[in-house]
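Undergrad: I have a structure here, written as structure tokens, and I will follow up with some questions on it.
The values are calculated or read from the model by the stated rules, or taken from the named source; none is laboratory data. Since the model is a prediction, treat every value here as computed from it, not as a measurement. So basically every Cβ, Gly included, is an ideal-geometry build from the backbone, and we count neighbours across all protein chains shown.
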């Protein structure tokens, strides 16, 4: 049983794929409008925590599905409660834990296993500080992963713009490989 095969409609399939591809939070996905997409770049502009704007990426396959949905709709037509209800129903149907936090962790783990550094994954997923990323990934403060993350994080301070450019290029290559 897979989540994507268990959904009943195009909208829900789009949401499931988009959550995993982008690492977006519930509020970010609920707020997405048709005008927020850059189809050529495979990106969407979302408004995240603290009313901060960021760019999230998605694969070409997800993009095709999203284009189909958004050709007839301006939004996903769900509020936070509606999206949570859809995910709960999907979890009940499949027995697979299905909430936006799981998708964010899945996104991060997939990116880390693909070879991206924790710092790059933090930026791609919109975690704006080391503490929030570490907590959501369940890293222990005395672990080597945490220490390596903090070293990379400190090394990159003051070089955020150059790092964002590097992240965009790495992300673009990674998405091309996934297709």
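Undergrad: Kindly provide the set of residues from the stretch 42-76 that are farther than 17 Å from residue 11 by Cα, in contact with a helix residue (DSSP H, G or I) (Cβ under 7 Å, 6 or more places away or on another chain) and not in a strand (DSSP E or B), ordered by number.
TA: Hits for the stretch 42-76 are 42, 48.
Undergrad: Search the stretch 54-79 for residues that are on the phi < 0 side of the Ramachandran plot and loosely packed, with under 13 Cβ neighbours inside 10 Å and pair each with any residue that is in a loop (DSSP other than H, G, I, E, B) and modelled with pLDDT of 95 or more when their beta-carbon atoms are under 7 Å apart and the residues are at least 6 apart or on different chains.
TA: These pairs meet every condition: 74/33.
Undergrad: Kindly indicate which of 14, 24, 102 is part of a loop (DSSP other than H, G, I, E, B) and closer than 23 Å to residue 124 by Cβ.
TA: Result: 24 is the single residue among 14, 24, 102 that is part of a loop (DSSP other than H, G, I, E, B) and closer than 23 Å to residue 124 by Cβ.
Undergrad: While we're looking at this one, here's another question. Condition (residue is in a strand (DSSP E or B), farther than 14 Å from residue 99 by Cα and either in contact with a strand residue (DSSP E or B) (Cβ under 7 Å, 6 or more places away or on another chain) or without any contact (Cβ under 8 Å) to a residue 12 or more places away in the chain (or both)) applied to the stretch 32-41: is it met by at least one residue?
TA: The first filter runs over the stretch 32-41 and keeps only residues in a strand (DSSP E or B), leaving 37-38.
Checking the rest, the ones that are also farther than 14 Å from residue 99 by Cα come to 37-38.
Next, from what is left, pick out any that are either in contact with a strand residue (DSSP E or B) (Cβ under 7 Å, 6 or more places away or on another chain) or without any contact (Cβ under 8 Å) to a residue 12 or more places away in the chain (or both): 37-38.
There is at least one residue in the stretch 32-41 that is in a strand (DSSP E or B), farther than 14 Å from residue 99 by Cα and either in contact with a strand residue (DSSP E or B) (Cβ under 7 Å, 6 or more places away or on another chain) or without any contact (Cβ under 8 Å) to a residue 12 or more places away in the chain (or both).
Undergrad: Could you check the stretch 105-130 and list, in sequence order, the residues that are assigned to a loop (DSSP other than H, G, I, E, B), buried (at least 21 other Cβ atoms within 10 Å of the Cβ) and over 10 Å from the mean Cα position of the chain (by Cα)?
TA: Of the residues in the stretch 105-130, the ones assigned to a loop (DSSP other than H, G, I, E, B) are 114-117, 125-129.
Checking which are buried (at least 21 other Cβ atoms within 10 Å of the Cβ) leaves us with 125-127.
127, the sole residue that qualifies.
Undergrad: State yes or no: is residue 98 within 20 Å of residue 10 (Cα to Cα), surrounded by 15 or more Cβ atoms within 10 Å (Cβ to Cβ) and within 15 Å of the chain's Cα centre (by Cα)? Give the steps one after another, and end with the answer.
TA: Numbers: within 20 Å of residue 10 (Cα to Cα): yes; surrounded by 15 or more Cβ atoms within 10 Å (Cβ to Cβ): yes; within 15 Å of the chain's Cα centre (by Cα): yes.
Yes: the conditions hold for residue 98.
Undergrad: What pairs can you find where one residue is in the stretch 93-117 and within 18 Å of residue 82 (Cα to Cα), the other is outside any loop (DSSP other than H, G, I, E, B), and their Cβ atoms are less than 6 Å apart, with a gap of 6+ or different chains?
TA: Sorted first by the residue in the stretch 93-117, then by its partner, the pairs are 93/6; 98/87; 98/90; 98/91; 99/87; 100/26; 103/19; 103/20.
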